[in-house]
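Single-structure report; data block below.
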Amino acid sequence: MITEIRMHTRTKLPAPLAADVAALIKNGMDFLDKAREEFEAKQYKHSVVSFWIAVEILLKVPLASEHWTLVCSGKKVSRKSYLAGDFQSVSFDDVCTRLRDILEKPLPKETEAVFNTIRNHRNRVVHFFHTAFSDSEVETILAEQARAWFALNRLMREDWQQHFASPHNWALALGETQLLRGNEFYAEARLKHIQPELEQLATEGAEFHPCTICHKPAAIMEILAVGKNGPTVYEQTCRVCFHSERHVKFTCPECDTDQVLPVEEEDDDTFICRTCNAELSRYNLLDEENFRHVDEMMYPDGLANCAHCEGHETVCVFGENFLCTRCLEIHTGYDTCEICGTPCEAMGETMRYTGCPHCADED
């Protein structure tokens, strides 16, 4: 008889950051946030300056994590002066050299080159002279900044992720999502980065559509459910900015034209046909339950609520499953709340004890 021995291992947590390294990261990320806010306010010169300060700071994180002296220049350095901030920091060129020669983790040549480009822009801005910031050339500058920003995020979120663990990784993910959805130049940088992936998907038959948020042609449509009477639930997910949205394609029962039903907004159950202007109930459009008497109903206790969006009596029969007519979430079944008795889409074990959203509203 062979006895199976199962080893239970715990996930090894990253070592806590030294206080000086944590402060370095916080300072650098503060400048990144400032650069993004300045970009959104169209203060492009200030954004470039703030971004470059962030680059200089954050590139030193691996060095400071190895030993604090690696971020200091000059022959006379002391720990006391370093902690007080009274020291001369290494230059960008020295940082690149030490990453390569001491840590043996050199920056990719393309990354170092694009950082150098931003450094030159920053120097000209600080010295009050930068002819490239004319209206005709500002897009070139912003595109270069976006490429540098994308490269910096790849370092922090991938190559150096051991230094940028929680909560920094969450902040970086949120910041990058905001950039992808609010900075067309950054979205373009990611589009170029994932082009090989998109080309591979295209050879496998994928079709791409323009994203409604970043507007890049990188959104893939997936069929989630098909109703018995023809309506189809789709989910469109963008490979650039990760935005995902759902809609239903169906035929208007009044004018027999193809229509698109998006996720419900502002608690408005009415759909207005774009062709004939007929006002139709979302629930009546999507509900496919047919019964001759109450014993044949799929949920005879009454209309079901959706725990996903907390929609009240919005879950209908759709194809072989259930569909929330408000958020378009697909449900495989439904339960009756053991606390208040309200029909609700399939509840997990936790909700069996805490109750459904309807219970919370009653409280």
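Odds and ends about this structure:
- For Asp93, the test of being closer than 22 Å to Arg122 by Cα and loosely packed, with under 14 Cβ neighbours inside 10 Å is passed.
- Lys216 satisfies every condition listed in (1) without any contact (Cβ under 8 Å) to a residue 24 or more places away in the chain; (2) under 25 Å from Glu40 (Cα atoms); (3) buried (at least 16 other Cβ atoms within 10 Å of the Cβ) except (1).
- Screening region 231-247 for residues that are under 15 Å from the mean Cα position of the chain (by Cα) and of a type outside the set (A, V, I, L, M, F, W, C) and picking the one that is surrounded by the fewest Cβ atoms within 10 Å (Cβ to Cβ) gives Ser244.
- Residues that are among the charged types (D, E, K, R) and in a loop (DSSP other than H, G, I, E, B) were ranked within region 194-213; the one that is surrounded by the most Cβ atoms within 10 Å (Cβ to Cβ) is Glu207.
- Meets criteria (closer than 24 Å to Pro62 by Cβ, small (Gly, Ala, Ser) and surrounded by 15 or more Cβ atoms within 10 Å (Cβ to Cβ)) for Ala173: no
- Hits in region 135-159 (condition: within 16 Å of Phe115 (Cβ to Cβ) and among the polar types (S, T, N, Q)): Gln145, Asn153
A quick yes/no check of all residues on (1) modelled with pLDDT of 95 or more; (2) over 29 Å from Thr325 (Cβ atoms); (3) touching a His at 6+ places or on another chain (Cβ under 9 Å):
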site: Glu197; (1), (2), (3): yes, yes, no
site: Cys211; (1), (2), (3): yes, no, yes
site: Pro217; (1), (2), (3): yes, yes, yes
site: Ala225; (1), (2), (3): no, no, no
site: Lys228; (1), (2), (3): no, no, no
site: Glu235; (1), (2), (3): yes, no, yes
site: Arg239; (1), (2), (3): yes, no, no
site: Val248; (1), (2), (3): yes, no, no
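- Region 24-73 - residue that is small (Gly, Ala, Ser) and farther than 29 Å from His127 by Cα and, of those, surrounded by the fewest Cβ atoms within 10 Å (Cβ to Cβ): Ser65
- When Met221 is tested against (1) assigned to a helix (DSSP H, G or I); (2) in the same structural domain as Arg246 (by TED's automatic domain parsing), only condition (1) is not met.
- Among the residues listed as Asn183, Asn123, Asn169, the single one being more than 28 Å from the chain's Cα centre (by Cα) and not β-branched (Val, Ile, Thr): Asn123
Here's the yes/no breakdown for (1) under 23 Å from Asp20 (Cα atoms); (2) loosely packed, with under 13 Cβ neighbours inside 10 Å; (3) more than 19 Å from the chain's Cα centre (by Cα):
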| residue | (1), (2), (3) |
| --- | --- |
| Arg79 | yes, yes, yes |
| Arg98 | yes, no, yes |
| Pro108 | no, yes, yes |
| Thr111 | no, no, yes |
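- One residue from Glu264, Glu313, Glu329 being charged (D, E, K, R), at positive phi and either in contact with a Leu (Cβ under 9 Å, 6 or more places away or on another chain) or at pLDDT 85 or above (or both): Glu313
- For region 248-276, residues that are in a strand (DSSP E or B) and surrounded by 13 or more Cβ atoms within 10 Å (Cβ to Cβ) total 7.
The values are calculated or read from the model by the stated rules, or taken from the named source; none is laboratory data. Treat the numbers as computed from the prediction; the structure is a model and nothing was measured. Positions of Cβ are generated from backbone atoms using ideal geometry, with glycine treated the same way; all protein chains shown enter the neighbour counts.
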